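First up is the structure itself, then whatever we jot down about it.
The values are calculated or read from the model by the stated rules, or taken from the named source; none is laboratory data. What you are looking at is a predicted structure, and each value in this text was computed from that prediction instead of being measured. Because the Cβ atoms are built from the backbone with ideal geometry, glycine has one as well, and the counts that use them run over all protein chains shown. Ligands, DNA and RNA are stripped out before the accessible areas are found, and what is left, the full protein with its side chains, is counted by its heavy atoms. Shrake-Rupley method; radii C 1.70, N 1.55, O 1.52, S 1.80 Å.
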Amino acid sequence: MSFIPIYDKYDNTDLEAFLDSVSVKHVERAVRSGRPGEKDFLAMLSPAAEGLIEEMAQRAHRLTLKNFGRVIQLYTPMYLADHCENDCAYCGFSSRGVRAGRKLTLEEVEKEAEFISSTGLKHLLILTGGSRKASPVSYIKECVGVLKAYFSSISIEVYALSGEEYRELISAGVDGLTIYQEVYDRGVYDKVHVSGVKKNYEFRLEAPERAGRAGMRTINIGALLGLNDWRKEVFFTGLHAAYLQKEFPAAEISVSVPRLRPCSGDFLPACTVSEVEVAQILTAFRIFLPRVGITLSTREGARFRENLIPLGVTRMSAGSTTAVGGHTLKAPDGPYITQFDIADRRDVAEIRAMLKEKGYQPVLKDWMDI
Amino acid sequence: MSDLLNIGGKELASRLFVGTGKFARKSLVREVLERSGAEVVTVALRRVDADSEDENILDHIPERCILMPNTSGARNAEEAVRIARLARAAGCGSWIKVEVIADNKYLLPDNTETLKTVEILAGEGFTVLPYMNPDLTAARRMQDAGAAAIMPLGAPIGTNRGLRTRELVEILVEEIALPVIVDAGIGSPSEAAECMELGCAAVLVNTALAASEDPVSMAEAFSLAVKAGRLAYLAGKGPKTKEAEASSPLTGFLRG
């Protein structure tokens with residue numbers, strides 16, 4: 001069964017009414033119960049839960065220690081290309097911006113790989129913009145062919161693919177998929193995705209399950225926080241992750257909590273998410289899904305990221321750049337065009353030192369090509 | 001009295017096995033091994049980074065210890081076999097803990113695929129220790145397939161819930177000639193002692209140490225508990241009864 005009927009089961013207005021009616025008692029029950037259900041998860045996302053944030057954090061911390069230990073896995077993104085045929089209101093790579101796209105040659109990919117691998121990282125996330133024409137699956141496959149020699153795990157964050165295409169990339173050496181629905185609310189999705197193939201809501205929503213069926217080892221999902229009422233968006237992200245865990249028990253499912261960052265455009269978020277609320281989201285995820293991975297990118301600032309670690313984080317990016325060739329290549333002319341601004345600019349060595357200082361073991365390799 | 005555990009031709013004085021996955025720093029592994037005297041240590045090959053210029057987990061394992069790489073991450077027999085072969089090729093010896101898990105939510109092992117793995121690896125000369133659900137029929141088959149010991153779970157990995165599978169593990173101890181090593185779920189030294197009192201050959205712990213405030217002291221506590229439990233088993237415990245036993249027997253007159 002697809003996730004779509006699970007999504008459709010919930011009516012927007014009912015969710016709002018429920019969120020408003022949640023009592024502190026219900027939140028307490030949800031936090032303390034061994035196996036919180038869907039409604040309990042929603043209760044932990046309600047305004048009433050904010051007063052219980054310390055208790056939620058303590059519980060999330062203990063669950064994380066038991067399930068994952070004092071260990072954080074590190075990775076870094078590598079932007080292969082930034083051509084995009086979609087017009088997404090919130091994105092720096094949007095097709096409205098008048099600019100020439102950039103795409104790495106295989107030699108340039110190798111140069112970036114050499115640099116990243118010199119930092120010790122073995123897990124890589126490769127990204128392209130939303131253009132099949134400029135960065136087709138065959139191109140991604142060629143890049144993976146080059147990168148395999150340098151990294152023990154390669155994940156992709158590209159436009160939504162067909163099951164057959166996921167299978168093709170898996171046999172080429174890809175083992176992980178990151179794909180954000182961006183926004184689960186159908187109406188808002190349609191509004192912010194102004195034009196392009198990404199407008200197809202269901203094709204994107206079902207991308208993680210197509211990848212799961214194709215045998216993808218790790219699947220990371222998320223909603224871009226700021227496009228719609230975050231409580232509902234996080235709720236659907238959690239339901240989606242729970243669905244994927246159930247449907248693909250052999251896969252490792254993880255979630256991200258990306259807050260909308262300032263980008264090259266002029267988009268204004270529909271809602272803001274405070275730091276307390278990010279903590280609430282993270283701990284609610286952990287309590288609802290004790291085995292889910294939680295990824296924290298460099299969208300968040302250094303100090304905040306450090307403070308969030310004990311609350312349930314299992315994976316962090318380090319030494320990030322969101323520009324094509326951003327590690328080793330000179331900007332073509334003028335400054336780089338970035339997808340969004342990085343808030344934590346520390347390199348891999350600094351992040352590793354910080355983790356050790358905090359009593360966490362940075363894990364640079366947690367898979368291999370078998 | 002010498003009471004050594006023999007596995008795959010190796011004689012072990014310590015019946016505490018240690019996992020390395022969740023520690024705050026890699027160097028803690030050495031301290032834990034030193035203080036506890038543990039002689040068998042399992043390492044996930046997926047985490048071993050031979051190219052790393054930084055510290056390598058293997059550098060923290062004393063010479064006297066037996067390295068038992070595990071196949072963590074394997075979802076089926078084919079992947080587990082490949083990981084085991086990679087481990088041996090990487091110079092990690094020929095002991096292998098088979099871990100085939102196709103369930104990331106509960107981390108429960110797949111006995112069917114595990115059995116297939118044991119059959120193949122035992123045939124290739126590995127000393128194979130399968131992590132398994134405590135199922136008697138599966139355990140018999142692992143034995144027939146050439147396993148060197150069996151490692152049933154006490155509770156799901158990382159739960160620290162203790163010997164929840166006690167009834168089933170007792171049956172394995174009774175019926176299986178191989179050493180029975182409880183792996184996973186043991187949260188406290190008293191639970192490790194419980195396993196040993198039942199006649200288990202050894203106990204493997206990781207989370208209980210790594211998640212404690214002082215993993216090194218906790219390792220020593222486990223080591224003592226395992227010894228105490230073993231000694232109690234060898235001494236032969238009196239049977240447990242629910243009601244108090246009358247101190248003046250009622251049938252004494254018959255023998256009078």
* Asked: How crowded by other chains is B:51-64, given as the mean number of beta carbons from other chains within 10 Å of each beta carbon?
  -> 1
* Structure fact -> If one builds a Gaussian network model of chain A from Cα atoms under 10 Å apart, the most fluctuating residue listed among A:86, A:200, A:12 is A:12
* **Given charges at Cβ of Lys, Arg, Asp, Glu: chain A dipole, positive-most of A:309, A:127, A:76** => A:309
* Taking every pair of Cα atoms in the protein assembly as shown, average 1/r, invert it to obtain the Kirkwood radius, and report Rg/Rh to two decimals. => 1.01
* Structure fact -> For chain A, the percent of accessible surface on carbon and sulfur atoms (probe 1.4 angstrom, ligands and nucleic acids excluded) is 52
* To do: Assign unit charges at the C-beta atoms only (+1 for Lys and Arg, -1 for Asp and Glu), then state the dipole size of chain A relative to its Cα centre in Debye, rounded to the nearest 20.
  => 760
* DSSP bridge orientation in segment B:5-234 - percent antiparallel, rounded to nearest 5 -> 15
* Report the relative contact order of segment B:146-245, percent, no decimals, based on alpha-carbon pairs under 8 angstrom and at least 6 residues apart. => 25
* Structure fact -> Note on segment B:5-234: contact order normalised by length, alpha-carbon pairs under 8 Å, 6 or more apart, percent, works out to 19
* Structure fact -> Regression test value, accessible area per residue of segment A:124-241, probe 1.4 Å, units Å², expected 29
* Which residues' amide hydrogens lie under 5 Å from the amide hydrogen of residue A:294, considering only partners 5 or more residues apart or on another chain, with H built in the peptide plane? -> A:255, A:314, A:315
* GNM top mover of B:11, B:78, B:53 - chain B, alpha-carbon springs below 10 Å -> B:53
* Can you give the accessible area per residue of chain B, in Å², using a 1.4 Å probe? -> 45
* For residue B:19, residues with placed amide H under 5 Å, excluding near neighbours -> B:42, B:205, B:206
* To do: With +1 on each Lys and Arg Cβ and -1 on each Asp and Glu Cβ, and nothing else charged, work out how big the dipole of segment B:1-98 is about its Cα centre, in Debye to the nearest 20.
  => 360
* Answer with one residue from B:40, B:234, B:92: the one whose Cα lies farthest towards the positive end of the charge dipole of the protein assembly as shown, charges on Cβ with Lys, Arg +1 and Asp, Glu -1. => B:234
* How far, in degrees from 0 to 90, does helix A:163-172 lean away from the longest principal axis of the Cα atoms of chain A, to the nearest 10? -> 60
* Structure fact -> Accessible-area loss of at least 30 Å² in the complex relative to the chain alone (1.4 Å probe) applies, within segment B:208-224, to B:211
* Asked: Using only the Cα atoms of chain A, what do you get for the radius of gyration and for Dmax, in Å?
  -> 19.6, 60
* Structure fact -> Ignoring ligands, DNA and RNA, the residues of segment A:102-136 whose accessible area with a 1.4 Å probe is reduced by 10 Å² or more relative to the chain alone are A:122
* For segment A:41-86 and segment A:303-329, write down the distance between their C-alpha centroids in whole Å. => 13
* Asked: For chain A, what relative contact order do you get, as a whole percent, if you take Cα pairs closer than 8 Å and at least 6 residues apart?
  -> 24
* Stokes-Einstein at 4 °C, 1.567 mPa s, Kirkwood radius from Cα pairs: D for segment B:5-234 in µm² s⁻¹? -> 75
* To do: Considering only B:105, B:227, B:26, give the residue with the highest GNM mean-square fluctuation for chain B, with springs between Cα atoms whenever their separation is below 10 Å.
  => B:105
* So if R0 is 51 Å, what FRET efficiency would residue B:4 and residue B:213 give, r being the distance between their Cβ atoms, rounded to the nearest 0.05? -> 0.95
* Structure fact -> Probe 1.4 Å, heavy atoms of protein chains only: per residue, the accessible area of segment A:287-330 in Å² is 25
* Asked: Which Cys residues of chain B have no other Cys beta carbon under 4.7 Å away?
  -> B:65, B:92
* With a 1.4 Å probe, how much accessible area is buried between chains A and B, both sides summed, in Å² to the nearest hundred? -> 2800
* To do: Calculate what fraction, in whole %, of the accessible area of segment B:5-234 sits on carbon and sulfur atoms when a 1.4 Å probe is rolled over the protein chains.
  => 47
* Just give me a number: lysine pairs in segment B:5-234, eight or more positions apart or cross-chain, with C-alpha atoms less than 22 Å apart. => 7
* Compute the signed sum of charges (Lys and Arg +1, Asp and Glu -1) over the other residues within less than 15 Å, Cβ to Cβ, of residue B:152. => -4
* Structure fact -> Partner shielding of A:65-78, as the mean number of partner chain Cβ atoms within 10 Å, equals 4
